[in-house]
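I have placed the structure first, in the form of structure tokens, so that the comments after it can refer back to it.
Just so you know, all these numbers are worked out from the coordinates, no wet-lab data involved. All values derive from a computational prediction rather than experimental measurement. Here the Cβ is made from the backbone with ideal geometry for all residues, glycine too, and neighbour counts use every protein chain on show.
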Amino acid sequence: AQTVTQSQPEMSVQEAETVTLSCTYDTSENNYYLFWYKQPPSRQMILVIRQEAYKQQNATENRFSVNFQKAAKSFSLKISDSQLGDTAMYFCAFMKLSGDKIIFGKGTRLHILP
Amino acid sequence: KAGVTQTPRYLIKTRGQQVTLSCSPISGHRSVSWYQQTPGQGLQFLFEYFSETQRNKGNFPGRFSGRQFSNSRSEMNVSTLELGDSALYLCASRSGTGNTEAFFGQGTRLTVV
């Protein structure tokens with residue numbers, strides 16, 4: 001069975017700083033997808049970034065980038081130039097290539113301070 | 001295009017009652033998944049429907065059931081409600097097989113008293 005672990009329950013950083021959220025996972029699959037989702041107070045789950053395990057290049061979306069270490073089963077999210085609107089719960093998630101279900105970590109609550 | 005719509009947004013029920021939650025996916029999407037979110041257990045997968053068929057099921061008791069209609073709208077039913085069923089229920093819409101991006105609704109907050 002696949003598991004996703006986020007070791008940082010809560011983090012706070014000053015606006016404009018860079019912050020890194022950690023995530024490790026466990027799977028016996030060789031190819032799969034990894035995601036970071038953001039859930040603001042509105043409760044809407046929003047996809048931040050996606051990584052295909054068969055791609056060596058780390059995914060980047062504007063201020064968001066990942067550090068994907070397949071051998072170490074590590075998938076961290078870096079937020080550069082953090083903004084107040086980045087305040088939210090962040091979930092690391094895993095999905096097999098068959099796409100049947102998403103397995104989520106417990107989440108990291110991120111506070112961006114003015 | 002319109003996003004994923006979940007109704008109602010909030011619901012208060014009494015133990016022992018049953019409840020039905022509704023999810024309308026993005027137009028053209030045929031896959032609907034349901035997740036339960038609680039502070040203690042986090043986000044847990046309930047089931048997925050694709051073209052009116054249940055394609056996958058999580059580890060929940062039989063009190064939790066669902067269905068999908070020909071227009072891809074899905075309903076989730078919980079019978080004999082327990083206090084522990086209090087949670088945020090999220091619905092996710094995907095276009096279909098092989099598509100990885102899931103679009104989530106804002107959820108239904110169910111409180112069982």
Go through (1) touching a residue at least 40 places away in the same chain (Cβ under 8 Å); (2) among the basic types (Lys, Arg); (3) closer than 22 Å to A:Ala1 by Cα for B:Lys57 and report which single condition fails. (1)
So which residues in the range A:83-114 are over 18 Å from A:Ser28 (Cβ atoms), buried (at least 21 other Cβ atoms within 10 Å of the Cβ) and more than 9 Å from chain B (Cβ to nearest Cβ)? A:Ala88, A:Tyr90, A:Cys92, A:Thr108, A:Leu110
The range B:18-80: strands (runs of 3 or more DSSP E) wholly inside it with 3 or more residues that are within 14 Å of chain A (Cβ to nearest Cβ) and either over 22 Å from A:Ser98 (Cβ atoms) or of a type outside the set (S, T, N, Q) (or both) are B:31-38, B:42-50
Inspect all residues belonging to the range A:57-80 and state whether any of them is of a type in the set (Ser, Thr, Tyr), within 14 Å of chain B (Cβ to nearest Cβ) and either assigned to a loop (DSSP other than H, G, I, E, B) or in contact (Cβ under 8 Å) with a residue 12 or more places away in the chain (or both). no
A:Tyr37 is checked against (1) part of a strand (DSSP E or B); (2) free of Cβ contacts under 8 Å to residues at least 40 places away in the same chain; (3) closer than 24 Å to B:Gln106 by Cα and fails just one. What number does that condition carry? (2)
Of the conditions (1) of a type in the set (D, E, K, R); (2) over 20 Å from B:Gly42 (Cβ atoms); (3) crowded, with 18+ Cβ neighbours inside 10 Å, A:Lys38 clears all except one; give me its number. (2)
